[in-house]
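Novice: Can you keep this structure in mind? I'll have questions shortly.
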Amino acid sequence: EIHIKEPIEKEVNPRLLPGELLLCEASTVYKYMQEDGSNRGTYGKLVCTNFKISFLDDDSASDDNEPQFKNKIVGENDITLQCVDQIYGVYDEKKKLLTGQLRKYPEKLIIYCKDLRVFNFCLRYTKEEEVKRIVSGIVHHSQTPKLLKRLFLFSYASAAPNNTDGRNQTVMFETLEDWRDELERTKGNVKYKAVTTNEGYRVSEKLPLYFVVPICISEESILKYEGRGIPIWCWSCHNGAALLKMSAFPKEQDDSTSQMQKAFLDGIYKTISKPPYELLKMDDLSSSLPSLQDIQTAYTRFKQLFLIDNSTDFWATDVKWFSLLESTNWLEIIRRVLKKAIEVAECLEIQHTNVLLIEESATDLCCVISSLVQVMMDSYSRTKSGFQSLIQKEWVIGGHGFLDRCNHLHKSEKEEAPVFLLLLNCVWQLVQQYPPAFEFTETYLTVLSDSLYVPIFSTFFFNSQHQRDTNKSGESLKTQSGPFRFLTVWDWSVQFDPKAQAFLNNPLYAEKPKPDKSQRKTARFKHQRQLSLPLTQAKPSTKRGFFREETDHLIKNILGKRIGKFINSSDEPPNSLREFYDSWHSKPVDYHGLLLPRIDGPEIRVWAQRYLRWIPEAQLHGGGTIATAAKILDLMEEVQSLQVKMDEEHSQAVSGDVHSVPMLRNSARLSSLFPFALLQRQSVKPALPTSTWKDLEDEDDLVKRDDEFVDLSGDML
């Protein structure tokens with residue numbers, strides 16, 4: 001018997017953004033809290049607008065219990081239509097995926113979100129007509145294909161006042177001057193030039209208006225094959241070596257066309273291989289890195305580990321955590337991408353060789369590798385404004401197909417692939433390994449990943465600069481003269497107030513290198529091994545790197561492809577790369593110089609904040625990175641107050657433009673889920689029935705083998 005609180009007859013209306021329209025609603029909807037099997041929850045109203053799905057309860061009307069880290073656009077009970085992943089209905093305790101027209105309406109609704117939240121709604125007490133309207137409305141508006149102009153982005157742009165401060169020091173790379181400034185900053189202007197050949201998009205609609213090529217490349221060459229086969233500049237190293245990318249020719253061509261293209265490429269290569277240019281190394285990413293389909297498949301499996309309905313599901317996955325994690329192959333893909341970035345860094349830094357990344361469109365894995373290399377080699381890219389400028393340059397203006405890769409319009413799942421999320425996962429590995437080197441925090445990266453699904457910003461909702469420009473000047477949904485004024489995601493004041501923005505800034509960022517500390521080797525942080533794959537205690541074999549050659553099938557399955565050894569995917573001898581890697585890691589870390597990620601063994605970890613933040617069972621009470629951050633912020637506040645007192649004593653004016661610091665007095669009351677979720681109940685692991693252990697023992701003695709090295713009786717954390 002479940003005790004159900006009678007709903008309070010109180011009108012709660014949704015807070016609508018400019019241009020947002022209420023499409024359908026249902027009253028007396030019961031939202032489960034998902035904490036345990038008690039079916040506890042709260043009554044409220046479920047609404048669907050042209051922007052979001054929202055649950056409104058009595059607490060929605062009051063501002064008393066507002067979290068410190070509140071998003072002004074998307075509340076904790078709001079799901080943007082682009083954030084909906086899958087919708088299931090429950091019929092007689094059986095789950096069924098909901099798509100298209102429905103003949104029968106469910107008694108429960110489960111919504112899985114792309115930011116890994118899970119919402120459970122009971123419709124048993126809702127009027128039948130309202131159930132039909134709300135379920136049909138939610139499925140239709142979040143799952144069916146739509147036209148680009150029907151995105152909320154356009155409704156908001158035509159109705160919202162444009163009173164934001166816009167760029168926020170982020171270089172947008174929309175003008176020729178921006179590219180010339182970047183060339184000058186990296187000292188690349190001696191050998192490379194910004195060109196205006198594509199003005200009016202006369203070369204290609206896929207290329208940006210302005211881009212940079214070697215000085216010796218003629219305008220005729222750029223025009224000949226619509227920009228294909230032309231090395232496009234990404235970044236120049238301090239020693240003059242440059243990182244370039246190129247859109248490859250289609251592989252299936254007739255012989256005469258293929259011969260002409262080959263001759264054209266040979267001419268280009270000869271031109272840029274002669275002085276003053278360095279030697280050129282070409283790297284075809286389509287053959288040396290996983291395919292987009294492999295990346296999508298791995299991430300689809302990986303995210304299922306975190307879309308948890310209830311405690312029972314959590315503990316069921318916890319027992320087989322390592323084997324489940326390994327079988328997704330997601331961490332292995334992250335390792336391979338980081339290893340490729342290290343290869344490129346070695347060519348630029350040590351061999352003084354230009355690197356040309358080749359891909360079919362040069363807008364997917366080229367973006368990942370070029371961005372990673374710049375984060376690793378250019379300290380400017382590790383500042384907040386520098387990182388944002390990098391995303392603008394390589395991804396937004398560079399032509400990454402956000403609209404297709406995120407499947408915002410639900411047109412084709414074949415094009416969908418989490419390429420940008422892959423980059424953020426790789427950058428997070430660096431952020432958690434070298435925190436003082438980054439001006440931003442992991443919370444910044446998590447919020448950035450969430451912003452992929454907020455369609456009030458144009459940043460992540462177009463496939464190219466051409467698509468954005470042509471739709472920007474189009475007619476609005478209402479009669480309006482003049483172009484749309486889109487917001488950029490880089491203006492964080494749209495989503496967060498100054499106190500919340502403090503969580504995006506790293507208080508321990510090493511702004512200037514300190515010589516007296518340079519001799520001290522950086523302390524290695526204690527790893528939460530359960531968030532990475534375990535090492536065995538086997539003695540290393542001289543022939544097989546860190547791991548002995550295993551014949552047992554299960555061990556092969558757990559360890560995958562020798563996770564302690566580099567995966568060789570290029571013609572470069574592995575020894576030179578290994579020497580470069582080991583040599584760098586044997587020296588003190590210069591937080592403003594080259595950074596190489598640690599990619600051996602369990603160094604590659606799960607991004608806990610993003611993937612575990614909605615799971616109460618995964619929390620650490622009074623622990624996690626937030627406990628440290630809270631103490632640091634408290635200390636900063638105390639130092640600032642002392643500074644104010646000193647300034648007052650000396651009768652000096654206080655500028656006070658230090659990052660606004662939130663009050664986090666009692667960090668022991670916070671959990672590792674903060675700032676995204678408030679303190680939850682204490683989760684108790686249930687005792688496993690004997691039958692479960694017997695089932696596990698049948699799986700090639702998984703428990704016995706893992707227990708030799710890792711205590712599986714603990715949480716995932």
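The values are calculated or read from the model by the stated rules, or taken from the named source; none is laboratory data. Just so it is clear, the structure is predicted and the values come from calculations on it, not from any experiment. Every residue, glycine among them, receives a Cβ derived from its backbone with ideal geometry; neighbour counts consider all protein chains shown. Side chains included, ligands, DNA and RNA excluded: accessible areas come from the protein's heavy atoms. Shrake-Rupley method; radii C 1.70, N 1.55, O 1.52, S 1.80 Å.
Novice: Of all the residues that make up region 74-91, how many are assigned to a strand (DSSP E or B) and either under 27 Å from the mean Cα position of the chain (by Cα) or touching a residue at least 24 places away in the same chain (Cβ under 8 Å) (or both)?
Specialist: 9
Novice: Hey, among Thr257, Thr271, Thr300, Thr312, which residue is open to solvent by 30 Å² or more (accessible area, probe 1.4 Å), part of a helix (DSSP H, G or I) and in contact with a Cys (Cβ under 9 Å, 6 or more places away or on another chain)?
Specialist: Criteria check complete, one pass: Thr271.
Novice: Determine if region 85-103 includes at least one residue that is at pLDDT 95 or above, touching a Cys at 6+ places or on another chain (Cβ under 8 Å) and either within 28 Å of Asn407 (Cβ to Cβ) or assigned by the TED database to the domain that holds Lys31 (or both).
Specialist: The answer is yes; a qualifying residue exists.
Novice: Do you know which residues across region 105-116 are in contact with a helix residue (DSSP H, G or I) (Cβ under 8 Å, 6 or more places away or on another chain) and either open to solvent by less than 20 Å² (accessible area, probe 1.4 Å) or not assigned by the TED database to the domain that holds Val74 (or both)?
Specialist: Passing the criteria: Pro106, Leu109, Ile111, Cys113, Asp115, Leu116.
Novice: Here are some conditions: (1) touching a residue at least 40 places away in the same chain (Cβ under 8 Å); (2) crowded, with 16+ Cβ neighbours inside 10 Å; (3) within 26 Å of Thr446 (Cβ to Cβ). Lys52 meets all but one. Which one does it not meet?
Specialist: Looking at each condition in turn, Lys52 falls short on (1).
Novice: Next question. In this structure, is Leu265 modelled with pLDDT of 95 or more and either open to solvent by less than 60 Å² (accessible area, probe 1.4 Å) or under 30 Å from Gly593 (Cα atoms) (or both)?
Specialist: No: the conditions fail for Leu265.
Novice: Looking only at region 359-368, how many residues end up being among the β-branched types (Val, Ile, Thr) and touching a helix residue (DSSP H, G or I) at 6+ places or on another chain (Cβ under 6 Å)?
Specialist: Counting residues in region 359-368 that are among the β-branched types (Val, Ile, Thr) and touching a helix residue (DSSP H, G or I) at 6+ places or on another chain (Cβ under 6 Å) gives 1.
Novice: Which pairs turn up if I take residues in region 620-645 that are open to solvent by 80 Å² or more (accessible area, probe 1.4 Å) and look for partners that are in a helix (DSSP H, G or I) and acidic (Asp, Glu) with beta carbon separation below 9 Å, at least 6 apart in sequence or on another chain?
Specialist: The qualifying pairs are Thr625/Glu442.
For (1) open to solvent by less than 30 Å² (accessible area, probe 1.4 Å); (2) more than 30 Å from Ser273 (Cβ to Cβ); (3) assigned by the TED database to the domain that holds Cys367, each residue gets a yes or a no:
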| site | (1), (2), (3) |
| --- | --- |
| Lys149 | no, yes, no |
| Phe173 | yes, no, no |
| Leu183 | yes, no, no |
| Ser218 | no, no, no |
| Gly229 | yes, no, no |
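Novice: Something else: Within region 205-245, how many residues turn out to be touching a residue at least 60 places away in the same chain (Cβ under 8 Å), aliphatic (A, V, I, L, M) and in contact with a Leu (Cβ under 9 Å, 6 or more places away or on another chain)?
Specialist: Result for region 205-245: 6.
Novice: Would you mind telling me which numbered condition in (1) closer than 24 Å to Phe457 by Cα; (2) open to solvent by less than 20 Å² (accessible area, probe 1.4 Å) Val131 fails?
Specialist: (1)
Novice: Here's a follow-up. Just checking, does region 593-606 include any residue being outside any loop (DSSP other than H, G, I, E, B), closer than 21 Å to Ser449 by Cβ, modelled with pLDDT of 90 or more and not assigned by the TED database to the domain that holds Tyr299?
Specialist: Yes: one or more hits.
Novice: Next question, about the same structure. In region 408-428, what residues are of a type in the set (Gly, Ala, Ser) and in contact (Cβ under 8 Å) with a residue 40 or more places away in the chain?
Specialist: Residue satisfying the conditions is Ala417 alone.
Novice: Still on this structure: So how many residues does region 429-439 have that are open to solvent by 10 Å² or more (accessible area, probe 1.4 Å) and assigned to a helix (DSSP H, G or I)?
Specialist: 4
Novice: What is the number of the single condition among (1) more than 17 Å from Lys393 (Cβ to Cβ); (2) assigned to a helix (DSSP H, G or I); (3) outside the structural domain of Ser371 (by the TED database); (4) of a type outside the set (Asp, Glu) that His238 does not meet?
Specialist: (2)
Novice: Inspect all residues belonging to region 672-680 and state whether any of them is at pLDDT below 50 and open to solvent by 90 Å² or more (accessible area, probe 1.4 Å).
Specialist: The answer is yes, given that some residue of region 672-680 is at pLDDT below 50 and open to solvent by 90 Å² or more (accessible area, probe 1.4 Å).
Novice: Here is a follow-up. Do we find that Val396 is farther than 25 Å from Tyr581 by Cα and open to solvent by 10 Å² or more (accessible area, probe 1.4 Å) in this structure?
Specialist: Judged against the criteria, Val396 is a match.
Novice: Of the numbered conditions (1) touching a residue at least 40 places away in the same chain (Cβ under 8 Å); (2) in a helix (DSSP H, G or I); (3) crowded, with 17+ Cβ neighbours inside 10 Å, Ser327 satisfies every one except a single condition; which is it?
Specialist: So Ser327 meets the others, but not (3).
Novice: OK, next. Please enumerate the residues belonging to region 363-390 that are out of contact with any Leu (no Cβ under 8 Å at 6 or more places or on another chain) and open to solvent by 10 Å² or more (accessible area, probe 1.4 Å).
Specialist: Of everything in region 363-390, those that are out of contact with any Leu (no Cβ under 8 Å at 6 or more places or on another chain) and open to solvent by 10 Å² or more (accessible area, probe 1.4 Å) turn out to be Thr363, Asp378, Ser379, Tyr380, Thr383, Ser385.
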